[in-house]
Structure formats: C-alpha cells, structure tokens
Amino acid sequence: MEKLKLFNYKIKPRAYQENIARVASKKNTLCILPTGLGKTLIAILVAAYRLEKLPRSKVLMLAPTRPLVNQHYKTFKDLLNLNSSEFIVLTGKIRPDKRKNLYVKGRIFFATPQVIRNDLNNGFLTLNDFSLLIVDECHRSVKKYAYTQVVEKYVQQSPFPLILGLTASPGGMRDKIEEVKKNLHIEKVEIRTREDLDVKPYIKRIKFERVYVELPEEFLEIRELLDQALKERLELLLNYQLLTSTKTTKKQLLELQNKLGKRYEETNRDPIVARALLACAQAIKIEHAIDLLETQGITPLYKYLTGLRSKLTYATKGVLSDPKIIEATRKVKELYVKGIEHPKLEKILHIVKDEIKENPRTKIIIFANYRSSVEKIVKTLQTEGIEAKEFIGQAKKEGKGLKQKEQIQILNEFKYELFNVLVATSVGEEGLDIEEVDTVIFYEPVPSEIRSIQRRGRTGRTKTGKVIFLITKGTRDEGYYWSAFHKERRMRGILFDMKRGE
C-alpha cells in the first residue's frame, strides 16, 4: 500500500494487513482475521487513505460495547497524525444537543451502533459527510441489530460510501454469512487463517489438548432422574407431532417455544396448544438443568434449582412438583452440603499448578460460561495459593458484576503480571485488549465456532501457545466440542468458495 501521510508508522503494517487494506480502500470489504492478528490496524490504514483522498470527509467506527469503543479510540489516536480534538467518542451519556455539536467538530467518531441509530432517527446526525464506515465484530449484522439500520442510512445518505466489516468469524452457516454480506453491502471477502503464507511469518504454533473427565456415579443418578423427566415432556411434544424425535437440542426447543407462543395467541389460547407450550417450557428448564450438571457441576445446578422457587410460573410449578425432579433436587442438595463439585475443578487445579510450576511467570486465561463457575474456579485456585481473578461483565439485576473501570484495572494488573490466572465469562471473548497469554483453558467447550475462535485467539500470537479443552465424557461437552469444530471447518470452506467466486 502507498505511503500514507496521516499514518505515523509507530507500528509497521504487516504484508497481509497492507494487502487487505489495499482491497478495502477501494471496495466494501468483509475482513475475516483471527483474533490478535491486527484487524484494527487494517481499519486505521483504510481510514487514513480515505481521509487523504477525501480530506473534507469523516470516518465512523462502530463497536458493540463501550469498552471496545474506547479501545479503538485510543488505538486510532495513537497511530494517526491528527489533532486529538478530531477523535470523538460518542456515548448515550453525552446530551443529544452536545453530540450534535461534536458531529460538526470531529473527523473520526467512535460509538456503539445504538447511539448512532438513535441520533440518525432523531435528526441529530446525517452521514452525508462520511466517507468510511467501519463495523467491528460485524458478525452481529443480522436481523434487527442496530448495525444493519445504521448501514442502510449510511448507504442512502453518503455520496461516497465505503464499508469495512471486521470479524474473527462471521459464522458457520452459509445463509448467515450471506445475510452479513448483504446487510453490509459487501463486494469483496478477504479471509486469512493461521495457515496462509502471508500470515505464517507473524504467528507461533498453538498446541491443542483435550483433557477428559468422567461424571461420578452420584451425578449419573441425578442425570437419570432428569433425563426421565425430560423424556416425558418430549414424548408429549412428539405425540403432538411437534418434534420428529426425542433427541433434540435446547436451541430447537427454544425455536419451538417461540412458534407455539405465536400459535397460542393466533388460536385464541387453544388448550391443546397451551399444554404443548407448557411441556416445551418445562423441557427447556430440565434441559438446562442437565446441561449444568454435565458441564458445570453441583453448585450451579443447586443454585438454579433453588432459584426456580422464586419464579413460580406454571412451567416452574410443573417442574418442581414432578417426583423425579424432587428426588433429583434432594440428591443435588446432599452433594452441595457435602461440598462435592464437578471433577473438572480438581482437574483444572492440577493443570494450572503444572503450568505455573513449569513457568512461574506464565499467563493463563480460563473461560467459563457461567458466573457461578467463574467464582468457584477462582476460589478453588486461590485456596491453593494461586493468584487468580474474576473477569465478568457488569452487574445484572441479581448478583455482582464489574464496572468498566474495574474491568480495565484487572486487565492492567494482568498485563503487568500482578497475577497469573484470569478467569473470564464471555465478556473476555470479544475484542477486548487482553494481553496475550501462554495458555487458554476452556472450562467447557462451546458449540459456537465464533466464540471458540475468539477464545483461542488469546494465545499463539508472538510466542508458542497452548489451548486446553476440558471435556466430560459422554455428555454435552463432547457434542459441543465437535459441533464448533465442524462449523468452523464448514465456515472456512464457504468463505474461501465465496472469495474464489467473486
């Protein structure tokens, strides 16, 4: 790519970044690059190019969360030769009339899509001066998400629109990828993997391990009771010809629940539809209980079952009054009182101890789906003298959370090696500036190829990394692991086909 006056070259762009930026500066481009390989730098190069070619124009960068918005603001500000007053962060906390003035003064804007959508709808903003729209984590550009609405307004209003979508993975289904492409008006797909020749010189090898554990006998007894209760509900749905098999997934049940809810209203609350809807709602709750037992352990399951008593809907009443659920809950309580936990906890303790013994300065990130599991992992590690901290999202209606300032402080402490192990929920997956780690541990596999790619991307950038999957034999863990594996392989095939077919 030609030398850019607005880019200060504090960081030298890599060959693949320049190649992608060259394409993206001419056509609407979907850039798919593994986490940690510098998607933001590509966006900065394209922004510099557009502002030089169209010096009176402006640039807008969208990101799904405020921490990501602020992260991009700092990176752009550090690498572009512009006055600091020309970089503007927009949030809902700034008064609309003040935002209206900022749109006049700034050149590069950073915001969540909701803020921009609202300002467009309320007439505080028009995009006729904008020559580039950058959409980070653009796999979210589906259905009614705010990205799609902002993009449409931009294409309508700008006389020289250019769009750059950035993601580590747009998904493993062709129709979803096509939807993302359509909603972003994509003309070119630029995909790189760790195997590409222009990427390989800049990355290190990642070693993958699958570590298996087995469910204890007591867990199997509880699962049998829950399975029986679930099967009764699924057989009723099967008899109503709403399912083709009792082998179904939580996702399929949620989709069925949504359809039945609409049918219930359309049929004037037909009692048969009502019965099916109730059975489906109960099946979802029992399915979730089994998932917690298999992949998380006793404490999350106990909290879930006891928590149901505070939400006594028809569905929960039907679940809690089932003799099999009552017996399962009794057994869960016994194990909870005894302090029995999932065998993964003991296994993860051994793994972390071994890693620290081998390298006392090692950095490890453990991903877990549930906050209760994160809390349990941290306590287990701390009890053995291991420096570990929670990294979770902001507070929900119930329970604790971390404010953004607290999140930033924890990441800084991790960066400067004040502790070894960061234990994170999904908030640690998407885009945040988490320092590269030596080892990534999946407390449980995730069925999403997007989330799996994002988690793995925390290691193997500048030094050899390791990714460890904890898998409970004969459970949903195995299904989730292989589901993500096959979706990712299918996604790559689809994307390369799209790139070749352009």
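Every read-out reported here was derived from the displayed coordinates using simple, explicitly stated rules and does not represent laboratory data. A quick note: this is a predicted structure, and the numbers were derived from the prediction, not measured. Cβ placement follows ideal geometry from the backbone for every residue including glycine, while neighbour counts extend to all protein chains displayed.
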Roughly what angle does helix 15-24 make with the longest principal axis of the chain, taking Cα atoms, 0 to 90 degrees, to the nearest 10? 80
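Based on the Cβ-Cβ distance from Asn239 to Lys303, what FRET efficiency comes out when R0 is 30 Å, to the nearest 0.05?
Working: r = 34 Å, r/R0 = 1.12.
Calculated transfer efficiency: 0.35.
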So the angle from the long Cα axis of helix 250-266 to the longest Cα principal axis of the chain, reported in degrees to the nearest 10, equals 90
How big is D, in µm² s⁻¹, for the stretch 217-338 by Stokes-Einstein at 4 °C and 1.567 mPa s if Rh is the Kirkwood radius over C-alpha pairs? 87
Mind pulling the angle between the C-alpha long axis of helix 146-157 and the longest principal axis of the chain? Nearest 10 degrees, somewhere in 0 to 90. 30
Compute the orientation-averaged projected area for the stretch 420-502 from the convex hull of its Cα atoms and round it to one decimal in nm². 6.8
From the coordinates shown, semi-axes √(5λ) of the Cα gyration tensor in Å corresponds to which of (1) 39, 24, 21; (2) 42, 29, 22; (3) 49, 26, 19: (2)
Expressed in Å to one decimal, the Kirkwood Rh of the stretch 342-475 from all distinct alpha-carbon pairs is 15.0
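Percent relative contact order of the stretch 217-338, based on C-alpha pairs within less than 8 angstrom and at least six residues apart? Intermediate values should be presented prior to the final figure.
On the way: 102 pairs, mean separation 40.9, N = 122.
After rounding, I find 34 percent.
For the stretch 278-393, would you read off the P(r) tail past 26 Å as a percentage of all alpha carbon pairs? Could the numbers behind the result be given before it?
Details: 2089 of 6670 pairs.
Summing the P(r) tail past 26 Å for the stretch 278-393 gives 31 percent.
Would you work out the relative contact order for the stretch 285-334, in percent, from Cα pairs under 8 angstrom that are 6 or more residues apart? Write down the numbers at each step before the final one.
Working: 22 pairs, mean separation 17.9, N = 50.
With pairs under 8 Å counted, the relative contact order is 36 percent.
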Nearest 500 deg cm²/dmol is fine: what mean residue ellipticity at 222 nm does the chain get from its DSSP H runs of n ≥ 4 alone, each adding -39,500 (n - 2.57), divided by its residue count? -16500 deg cm²/dmol
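May I ask you to compute the full-extension gain from Arg489 to Lys379, defined as 0.36 nm times their residue separation minus their alpha-carbon distance, rounded to one decimal in nm?
Working: separation 110, 0.36 × 110 = 39.60 nm, distance 3.65 nm.
Roughly 36.0 nm would be gained on extension.
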As an exercise, identify the GluC sites (Glu not before Pro) in the stretch 399-476 lying in DSSP coil whose Cβ has no more than 16 other Cβ atoms within 10 Å. Glu417, Glu435
With r defined as the distance between the Cβ atoms of Ile326 and Ser426 and R0 fixed at 41 Å, what FRET efficiency is calculated, to the nearest 0.05? 0.80
What are the trypsin sites (Lys or Arg not before Pro) within the stretch 83-148 that DSSP puts in a loop, where the Cβ has at most 11 other Cβ atoms within 10 Å? Lys93, Lys143, Lys144
With no solvent and one point on each alpha carbon, what is the Debye value of log10 I(q)/I(0) for the stretch 15-199 at q = 0.12, 0.13, 0.14, 0.15 Å⁻¹? -0.51, -0.61, -0.71, -0.82
